[in-house]
Amino acid sequence: MDKDLQEGRLKMFLFISEILGRAVVDENGRPLGKLADLKLRMGELFPKVIALLIKKRREKQLFCLDWAEVESLNGHLVSLRPGAGGRMRVPEERPDEILLKEELLDKQVVDTFGAKIERVNDIHLLLVGTDLHIVHVDIGLRGLLRRLGWIKAVDFLTNWFFAYRFQEKMISWKYVQPLASEFYNKFLKLNVNLQKIHELHPSDIADILEELDQENRKRIFKSLDLQTAAETLEEVDPKLQASLIEAASAEIASDILEEMAPDEATDLLADLPEEKKQRLFQTMEKPFREKLEELLRFEEGTAGSIMTKDFIALEQKKTIGDAIEEFKKTTHPLESIAYLYVTNEEGHLIGVLTLRHLLLCSKEKVLGPLMNKNLIKVHPEEGVKKVAGLFRKYKFMAIPVVDGEDHLDGIITLQDIVNAESTEA
């Protein structure tokens, strides 16, 4: 960070999602409207906010006020200096200025090679004295959860069950400055050195691959290790996934698919020619192949099409000790094992446990009496929108998917539904 931001003045970090919609009040505490956007002028390494846009009640037009008129950010209020309310004006557009909400939030930034990076989910700001600077763009899941208002609930659950929280994924603003010639089209660029592509996050590599020519795309993809290739492939646009996997030998392609989440691998296979798909099936390990063949039965846009087979299920007569041993052996992603599902002898889903039970209950305890019988579950044919509504209502980390006889077919994780909604949007 530049020298100006290192000085010993009062500093406070905040996100734009935390201050948009705050009431703007005059020196007497009378409301003038709500904070609708922030404007900054490009040119500095970490530009200052130069103005705020205010939405007045019953007014369609936004009004602009210089940031210098802000007295303080206290609680849920933006307090103005004396007489500031009378200096509000109609905003003017300048090519070297951008509105953070309108022109950056929910937009994509691109690198100097033209490769896209994920959507900007939030914007990280730093208040230094009376100056408000932009310092990062948030492209991670935490930013999205914060915007949805889920962050506290999700942090509580992940901290309680796993002593874990989703990590921040932010890019410094110094890498997201538009070139001077780009001011007029507001085309934001991420300055990434392509020679260091192997050091990037798989989602960043995926976005770069999407914009490269076919030859360079295949060359870079083939240079990745299996795990990185699988994680990258999960993030690549579905239209390009098939071409990348077809460029690899059947053996390598199968190995990559086996490193992917089953639901992601299923989506990819569905787009391949039948001959190529069958060649890949022949080289796969039987358990993974059977998972994929079952998932391929479901139509796109249904719960079955986005569910995963990565879950832990145990019979009700098993003990906490048995569950702990099963948990130790699993290689499933953390988000897939937030809950332990309990079945009867016929394989019907009858209850659910959380990892809290593994921590607090003695190993001799039988699962049946401990389980929660009040289940929220969906059927494979139900639509993604209905499933998303259940996640919003109950704040679950995962929801089980059952067939007509209540056999556990799979689960849908929070990440699955976020990805599905993003794709539909």
Extreme residue, farthest from Q415 (Cα to Cα), among residues of region 119-134 that are modelled with pLDDT under 90 and among the β-branched types (V, I, T): T130
Qualifying positions in region 290-313 - of a type in the set (S, T, N, Q) and farther than 11 Å from V384 by Cβ: T308
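On the phi > 0 side of the Ramachandran plot and either acidic (D, E) or surrounded by fewer than 12 Cβ atoms within 10 Å (Cβ to Cβ) (or both): does that describe G33?
Values: on the phi > 0 side of the Ramachandran plot: yes; either acidic (D, E) or surrounded by fewer than 12 Cβ atoms within 10 Å (Cβ to Cβ) (or both): no.
When the stated conditions are applied, G33 does not pass them.
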Index of the failed condition, K152 passing every other in (1) surrounded by 16 or more Cβ atoms within 10 Å (Cβ to Cβ); (2) at pLDDT 70 or above; (3) of a type outside the set (S, T, N, Q): (1)
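I'd like to verify a number: residues in region 76-103 that are part of a strand (DSSP E or B), closer than 25 Å to V25 by Cβ and of a type outside the set (S, T, Y), how many?
We begin by selecting, within region 76-103, every residue part of a strand (DSSP E or B); these are 77-80, 89, 97-99.
Restricting the remaining residues to those that are closer than 25 Å to V25 by Cβ gives 77-80, 89, 99.
Restricting the remaining residues to those that are of a type outside the set (S, T, Y) gives 77-78, 80, 89, 99.
Within region 76-103, residues that are part of a strand (DSSP E or B), closer than 25 Å to V25 by Cβ and of a type outside the set (S, T, Y) number 5.
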Flag for E59 being surrounded by fewer than 18 Cβ atoms within 10 Å (Cβ to Cβ), part of a strand (DSSP E or B) and either over 32 Å from the mean Cα position of the chain (by Cα) or not assigned by TED's automatic domain parsing to the domain that holds I19 (or both): no
Test: residue in region 274-281 that is in a helix (DSSP H, G or I), of a type in the set (K, R) and under 25 Å from E381 (Cα atoms): yes
Lone qualifier among L340, L268, L257 - being buried (at least 16 other Cβ atoms within 10 Å of the Cβ), among the aliphatic types (A, V, I, L, M), over 26 Å from E382 (Cβ atoms) and under 26 Å from the mean Cα position of the chain (by Cα): L257
Selection within region 190-232 - outside any helix (DSSP H, G or I), within 19 Å of I139 (Cα to Cα) and modelled with pLDDT of 75 or more: H201
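The values are calculated or read from the model by the stated rules, or taken from the named source; none is laboratory data. What you see is a predicted model, and the numbers here were worked out from it, not measured in a lab. Methodologically, a virtual Cβ is constructed for each residue, glycine included, from the backbone with ideal geometry; neighbour enumeration extends over all protein chains shown.
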